[in-house]
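A.B. asks: Please see the structure below; I have some questions.
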Amino acid sequence: MVVPIKGFIENSLIEWEGKIVSIVFLPTCNLRCPYCHAPHLVQAPNELESIPLDAVVSKIRQNLGWVDGIVVTGGEPTSHRRLDVLLKVFKDTGILVRLDTNGTNPHVLKDLIDRDIIDCVAMDIKAPLRKEKYEQIAGVSCNIEDIKKSIRIIMESGIEYEFRTTVCPTQLNKDDIEDIARYIRGAGRYIIQSFKPNHCLDTKMLNIEPYPVETLRDFAASAGKYVDYCCVRGEAGKVLQRNW
Ligand code: SF4
C-alpha cells in the first residue's frame, strides 16, 4: 500500500466551503496538540483497520460529476514519504484535491504545489510564531522557521488556501489571534475554530469550557483587520472585514 488510509467519508457538504467532497484520513502525526480530536490516528494508528486504496478510488470514480473534491487530512499527511503518489492517484481521477497540514514539512508542500498535485491547501497555525508559545500548543518541539516557510509557500502559491487556528481559552487569547493575523497579513482566508472538549488527546482538556461564540466573533473581527477574510468556522459570511 502506498500510504495506509485509516478513514474515508464518502461525502461532506461542510468540509470545503462551496463544494461537496470526500474525506480521507491518514495516520500518524509529528505534533501532539492536547486538543487533538484524532488521538487514535495520532497515537495508535496500527489498531485501526486500513481501507484499500482501490475501494476509495472506485468510490471517487462512481461519484464523479457530483462530488467536487477530496480532502486529505489526518493525522499529518505530510508525514508519509509517498504522499505524492497517493495524491496523484486521486488527482488523476479528475477530482479536486485539498491537503490539510500542520505546516511542519514545507519542502513536501512546495513539491506538491510545484507539481500541480494539489488544488488547495488548509494549514493549521497553532499559535503566534514564537517557539515557546508554539511548542506549548503543539505539545512537542517545533521548528518555527519551517512553519514560517510553509506560510510563505502557501501565500505565494497562487492556489486556493486557508489558514486556521483552533482556539482554547487556556491556550490563546485575543492578542494571540491578532498576532497570528498580523503575521499572515494580506492572507486570503483565515478561520477561527473553537476547541471542542470531546475526544481530546489530553483528557485534561475535557474539563475546559470553550470560549462563547460571541468571543470568537470578536477575535475574528480583530483578526479581520489584517487579512482579506476572517470568520468563525461554521459562520462564513457573518463576520467579514476587509482592509480595503
Ligand atoms: S491536531 Fe495536532 S496532533 Fe492532532 S493531527 Fe492535527 S497537528 Fe496532529
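Computed from the coordinates by the stated procedures, all read-outs in this text should not be read as laboratory data. Remember, it's a predicted structure, so these values are computed and weren't measured experimentally. FYI the Cβ positions are ideal-geometry reconstructions off the backbone, even for glycines, and counts take in every protein chain you see.
A.B. asks: Specify the residue with the greatest mean-square fluctuation among 140, 24, 42, computed from a Gaussian network of the chain linking alpha-carbon atoms under 10 Å apart.
C.D. replies: Its mean-square fluctuation being the largest, the pick is 140.
A.B. asks: Here's a follow-up. Only bridges with both residues in the range 7-232 count here: give the DSSP antiparallel percent, nearest 5.
C.D. replies: Details: 4 of 31 bridges.
About 15 percent, rounded to the nearest 5.
A.B. asks: On a 0 to 90° scale, report how tilted helix 53-63 is relative to the longest principal axis of the chain, with both axes built from alpha carbons and the result rounded to the nearest 10.
C.D. replies: Once rounded, the angle reads 80 degrees.
A.B. asks: Right, next: Mind listing P(r) for the chain? All alpha-carbon pairs, 5 Å bins, whole percents.
C.D. replies: 1, 6, 14, 17, 20, 19, 13, 7, 3, 0, 0
A.B. asks: Hey, another quick one. Give me D for the range 1-92 in µm² s⁻¹, whole number, from Stokes-Einstein with Rh from the Kirkwood sum over alpha-carbon pairs, 25 °C and 0.890 mPa s. Could you put the intermediate results ahead of the total?
C.D. replies: Values: Rh = 13.7 Å.
Once the numbers are plugged in, D ends up at 180 µm²/s.
A.B. asks: Hey, how many Å between the Cα centroid of the range 13-78 and the Cα centroid of the range 172-216?
C.D. replies: Result: 22 Å between the Cα centres.
A.B. asks: Mind checking which lysines have their C-alpha under 21 Å from residue 91, skipping anything on the same chain fewer than 8 residues away?
C.D. replies: Here the lysines satisfying the reach criterion relative to residue 91 are 6, 19, 59, 110.
A.B. asks: Based on alpha-carbon centroids, what's the gap between the range 117-148 and the range 86-113 in Å, whole number please?
C.D. replies: 18 Å
A.B. asks: With springs only between Cα atoms under 10 Å, which of 45, 212, 27 fluctuates most in a Gaussian network model of the chain?
C.D. replies: Top of the fluctuation ranking is 212.
A.B. asks: Ok, one more. Suppose a student asked you for the relative contact order of the chain, using Cα pairs under 8 Å spaced at least 6 residues apart; what percent would you report?
C.D. replies: Details: 492 pairs, mean separation 39.9, N = 244.
Once divided by the residue count of the chain, the mean separation gives 16 percent.
A.B. asks: Report the relative contact order of the range 1-67, percent, no decimals, based on alpha-carbon pairs under 8 angstrom and at least 6 residues apart. All intermediate terms of the calculation are to be shown ahead of the outcome.
C.D. replies: Numbers: 78 pairs, mean separation 24.5, N = 67.
Across the range 1-67, relative contact order equals 37 percent.
A.B. asks: Straight distance only, please: which lysines reach the Cα of residue 196 with their own Cα at less than 16 Å, same-chain residues fewer than 8 apart left out?
C.D. replies: The qualifying lysines are 126, 204.
A.B. asks: Next question. Can you show me the helix-derived [θ] at 222 nm for the chain, built from DSSP H runs with n ≥ 4 at -39,500 (n - 2.57) apiece and divided by the number of residues, rounded to the nearest 500.
C.D. replies: -9000 deg cm²/dmol
A.B. asks: Would you order 108, 85, 57, 3 from fewest to most other beta-carbon atoms within 10 Å of each residue's own beta-carbon?
C.D. replies: Details: 108 19, 85 13, 57 16, 3 22.
Going from least to most buried by this count: 85, 57, 108, 3.
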